[in-house]
Amino acid sequence: MDDRANALLKALIERYIADGQPVGSRTLSKMFDLSPATIRNVMSDLEDLGLVHSPHTSAGRVPTPKGYRLFVDRLLAVQRFEVLPAKHIQQMLPAAEPGRAVTAAAALLSNLSQFAGVVLAPKRAQVFRQIEFIRLSGKRVLLIIVTPDGDVQNRILFVTRDYLEQELIEASNFFNQHFAGMSFEQVRLSITSELSSLQADISRLMQAAVEAGTASSGADESLVISGEGKLLDISDIASDMDRLRRMFSLFEKKTDLLQLLDVSSRAQGVQIYIGGDSHLMPVDDVSIITAPYGVDGTVVGTLGVIGPSRMAYERVIPIVDITARLLSNALSHNQS
């Protein structure tokens, strides 16, 4: 593509993002010192390249996912985004409360972009202060986990036999004596040699406790979504019920979203996933802009904005980038 084709494609995409209407040759001819015939020839070439296409209802053209991809990779001029006052940011992303900061970051992304904000919360090792086994009816045991900050979690273990109360007390005491203050993942790595001195049934009970504790640790990897309702205000999305269902299925099931955010956490800087272009973005005409955030330089999660492919990328990209930096600063300050 020559400079003229790039300039026309850029102008077409920017006009379509602004208006949401197919862009005709006459519109572009008013923006460039070119005849409508010349512009039609260039548009035909862009269509042959798969960068634009003509909807059945109009002679104008709209960008394809491939066109958007070329636009964001090569033609986009990102705007400078004015950061909110530092005092306001500190109030919104409280360093002393990491969980609240993550939730607030999702809301901040949504409010600034007017789309949906999403944050993959940090994976946290499930460290416990003590555990207790309580006998229930039949082959069930209640596992009580107390974390260092006093949080209490309950898990039901389905065991192979009915344990005596004294056996459960013995298992609790052994566990707390040898492993208190560790994460269940750490216990899993060191438990084999320690349990060799215990009878097989007690050993199996404690293995079950480790499995349950490790599973609860994984559940702490939470996805925070804010502002999904704002997508209903976008005519492109709200007018297509099938597309609307697919999008909200993405929020409900979360599996595809978690995979995408996990992949983007291993990438450098801002990433843009465009539906129909990226196999990771399962909904056509929807884009996700993401950025990793961290604690003291170590990436611990990802955040982003979900909106229509027809979004103002030059405005949303710096919003995502700056929010990731602000959340990183808040969480790193909390660690100090």
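Just one of (1) free of Cβ contacts under 8 Å to residues at least 24 places away in the same chain; (2) surrounded by 14 or more Cβ atoms within 10 Å (Cβ to Cβ) trips up Asp277, so point out which.
Status for Asp277: all satisfied but (1).
Go through segment 210-245 and count every residue that is part of a helix (DSSP H, G or I) and modelled with pLDDT under 80.
Selection size over segment 210-245: 15.
Considering only residues of segment 13-30 that are closer than 19 Å to Leu75 by Cα and either among the hydroxyl-bearing types (Ser, Thr, Tyr) or more than 30 Å from the chain's Cα centre (by Cα) (or both), which is most open to solvent (accessible area, probe 1.4 Å)?
Only one residue tops the list, namely Tyr16.
Here is a list of conditions, (1) over 21 Å from Pro63 (Cα atoms); (2) touching a strand residue (DSSP E or B) at 6+ places or on another chain (Cβ under 7 Å); (3) of a type in the set (A, V, I, L, M), and Met247 meets all of them except one; can you say which number that is?
(1)
Can you name every residue in segment 159-178 that is without any contact (Cβ under 8 Å) to a residue 24 or more places away in the chain and within 16 Å of Gln207 (Cβ to Cβ)?
Listed by number, the list holds a single entry, His178.
Of all residues in segment 247-258, count the ones that are surrounded by fewer than 17 Cβ atoms within 10 Å (Cβ to Cβ) and part of a helix (DSSP H, G or I).
8
In segment 26-55, what residues are closer than 18 Å to Arg310 by Cβ and in a loop (DSSP other than H, G, I, E, B)?
Gly50, Leu51, Ser54, Pro55
Which of (1) at pLDDT 85 or above; (2) over 17 Å from Thr103 (Cβ atoms) is the odd one out, the single condition Gly304 does not satisfy?
Failing condition for Gly304: (2).
So is Arg266 loosely packed, with under 15 Cβ neighbours inside 10 Å, within 17 Å of Leu112 (Cβ to Cβ) and not small (Gly, Ala, Ser) or not?
Here the answer is no, as Arg266 does not meet what is asked.
Does any residue of segment 299-310 turn out to be of a type outside the set (Lys, Arg), more than 18 Å from Gly227 (Cβ to Cβ) and more than 15 Å from the chain's Cα centre (by Cα)?
There is no residue in segment 299-310 that is of a type outside the set (Lys, Arg), more than 18 Å from Gly227 (Cβ to Cβ) and more than 15 Å from the chain's Cα centre (by Cα).
The values are calculated or read from the model by the stated rules, or taken from the named source; none is laboratory data. This is a predicted model, so every value here is computed, not measured. For neighbour counting, all protein chains shown are included, and Cβ atoms are generated from backbone atoms with ideal geometry for every residue, glycine included. For accessibility, only protein heavy atoms count, side chains too; no ligands or nucleic acids. Shrake-Rupley method; radii C 1.70, N 1.55, O 1.52, S 1.80 Å.
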